[in-house]
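Asker: Below you will find the structure I want to go over with you.
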Amino acid sequence: MLLLGFAAGLPLPLALGTLSFWLREAGVDLSAIGYASWVGLAYGFKWCWSPLVDRLPLPGLTTTLGQRRGWLLLAQLAVASGLVGLALADPRQALGGVIALALFVAFASATQDIALDAYRIESADATRQGALAAAYQTGYRLATMWSGAGTLWIAARVGGGEGYQPAGWRAAYLAMAASMAAGIVTVFFSPSVAVTRPPVTERALSPLLAALIEPFADFLRRYRWRAALMLALIATYRLSDTVMAVMVNPFYVDAGYKKEQIAVVSNAYGIALTLAGTFLGGALVARRGLLPTLLLGALLSAGTNLLFALLSLIAPQITALALAVSAEYLATGIASAAFVAYLSSLTNRGYSATQYALLSSVMLLLPKWAAGFSGIAVAAVGYTKFFIGTALLGLPAIWLALLAIRHEAIPDQSPTGG
């Protein structure tokens, strides 16, 4: 699960965050970079094809590897091929082609997430899920460190000199494509799992339609009126940090920071702080409860955005950057740990792939859509006011978390409650 988590975490920065650094260094304007972030909506719509991953057999692969591992291998090969395509492209020559390839990588990566979430849930009983989740998260964070810091470091070393160097980015993305081998090889040595599916009622129009509708119906049956509050909280919880994240790398470029500096401080060091925050968030959930920790994560995620507003007012300073990144990533770790625990607690094990995909999609749709306008916002008001505005975007999640605590909108502790 550590190595599969690595394969899952590798593509995300390469299709979004690191890509925005590459595009800005290549001279792409901020509005186009903002719109390019909409490739991340692929993760928000993965519920649309999650029933296919759940039920559709792949010729040859399903017979040889099983349903979950077959889809995992197909998705990983697609990610690797998409990264090779990005390595051979140049945004100065064909920006549309680069965006199309990034969308392909995001789609393949989202498909990998669907299969891997189901594989993780189905591969062990409840007593071992914590260990699997911890190994998965560790691998995931290590991969984002490598694809974030590693890509920038390789691009700087191979490219050499200052400014935009296409050869450096080509070498970096080829190295990331080769790194997907860690997950591809692991698939062949991982055990097969038995896929459990709830029975389909005779009144259903088709098994595939039932696979899509029943997870919705199950969620509404279990939580009734509280479902609206839960879904609203899920939809807004990552709004402030997701919108800000799209413009952070372009901000570093415009502020005058070098790729090597960002590789060390914002990626390698920052990811280490995220891991620390994740473990701290898990401990807080265990000691203080799920919803209070969820509220703390919402407060910290919004509040630390203000540190970047202060950072935009001063000349480039590594110490100031490290302090802002430390606070931001520690807050992200706490919020992520609480939020993943919240989503997992709402999921019915009988609909593991589709229902988790549905909930995580609700989490992404509004933030990713809003993030597409971040470039226009920065161009209109500047980085300082933009970062302040993203902090204000966190207020709805804070209010909804308070309502959830007041109404005790926590998951039912019944056998079907997940």
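What follows draws every value from the coordinates through simple rules; no lab data is involved. For clarity, every value in this text was computed on a predicted model and none was experimentally measured. All Cβ positions, even for glycine, are placed from backbone atoms using ideal geometry, and neighbour counts span all protein chains on display.
Asker: Across every pair of different alpha-carbon atoms, what Kirkwood hydrodynamic radius in Å does the stretch 44-200 reach?
Answerer: Evaluated on the stretch 44-200, it is 17.2 Å.
Asker: The stretch 230-299: D in µm²/s via Stokes-Einstein (Kirkwood Rh, Cα pairs, 37 °C, 0.692 mPa s)?
Answerer: Result for D is 231 µm²/s.
Asker: Another question about this same structure. Which residue, Gln76, Gln165, Gln317, has the most motion in a Gaussian network model of the chain that connects Cα atoms within less than 10 Å?
Answerer: Maximum fluctuation in the GNM of the chain, among the listed residues, is at Gln317.
Asker: Could I ask something else about it? Under 25 Å Cα-Cα from Lys258, which lysines qualify once same-chain neighbours fewer than 8 residues away are excluded?
Answerer: Of all the lysines, those that pass the test against Lys258 - Cα under 25 Å, at least 8 places apart if same chain - are Lys385.
Asker: Can I ask one more? Can you give the charge dipole size of the chain about its Cα centre, rounded to the nearest 20 debye, using +1 on the beta carbon of Lys and Arg and -1 on the beta carbon of Asp and Glu?
Answerer: 480 debye
Asker: Helix 226-236 against the longest principal axis of the chain: what's the angle in degrees, Cα atoms only, rounded to the nearest 10?
Answerer: The angle comes out at about 20 degrees.
Asker: How big is the Kirkwood radius of the chain, worked out from every pair of different alpha carbons and given in Å to one decimal?
Answerer: 21.7 Å
Asker: Highest GNM mean-square fluctuation, the chain, Cα pairs closer than 10 Å: which of Lys368, Lys385, Lys46?
Answerer: Of the options given, Lys385 has the highest mean-square fluctuation.
Asker: Turning to a different aspect of this structure: Mean 1/r over all different Cα pairs, inverted: what Kirkwood radius does the stretch 268-309 give, in Å?
Answerer: 11.1 Å
Asker: Please list 3J(HN,Hα) in residue order for the stretch 93-107, calculated via the Karplus relation 6.51 cos²θ - 1.76 cosθ + 1.60 where θ = phi - 60°; whole Hz, with x for glycine and proline.
Answerer: Each residue of the stretch 93-107 in turn: 9, 8, 5, x, x, 5, 5, 4, 5, 5, 5, 4, 4, 5, 4 Hz.
Asker: Okay, next question. Of Trp71, Ser147, Gln93, which is farthest towards the positive pole of the stretch 61-188's charge dipole, taken about the Cα centre with +1 and -1 on the beta-carbons of Lys, Arg and Asp, Glu respectively?
Answerer: Ser147
Asker: Sticking with this one: Among the trypsin sites (Lys or Arg not before Pro) within the stretch 247-314, which fall in a DSSP loop and have no more than 15 other Cβ atoms within 10 Å of their own Cβ?
Answerer: Within the stretch 247-314, the qualifying trypsin sites (Lys or Arg not before Pro) (loop, at most 15 other Cβ atoms within 10 Å) are Lys258.
Asker: Whole-Å semi-axes of the stretch 7-75's equivalent ellipsoid, largest first, each the root of 5 times a Cα gyration tensor eigenvalue?
Answerer: Here the semi-axes work out to 33, 13, 8 Å.
Asker: Another one. Using a Gaussian network model on the chain with a 10 Å cutoff between Cα atoms, which of Ile314, Ile154, Ile405 fluctuates the most?
Answerer: Ile314
Asker: Can you give me the convex hull volume of the Cα atoms of the stretch 219-347, divided per residue and expressed in Å³?
Answerer: Looking at the stretch 219-347, the number lands at 102 Å³ per residue.
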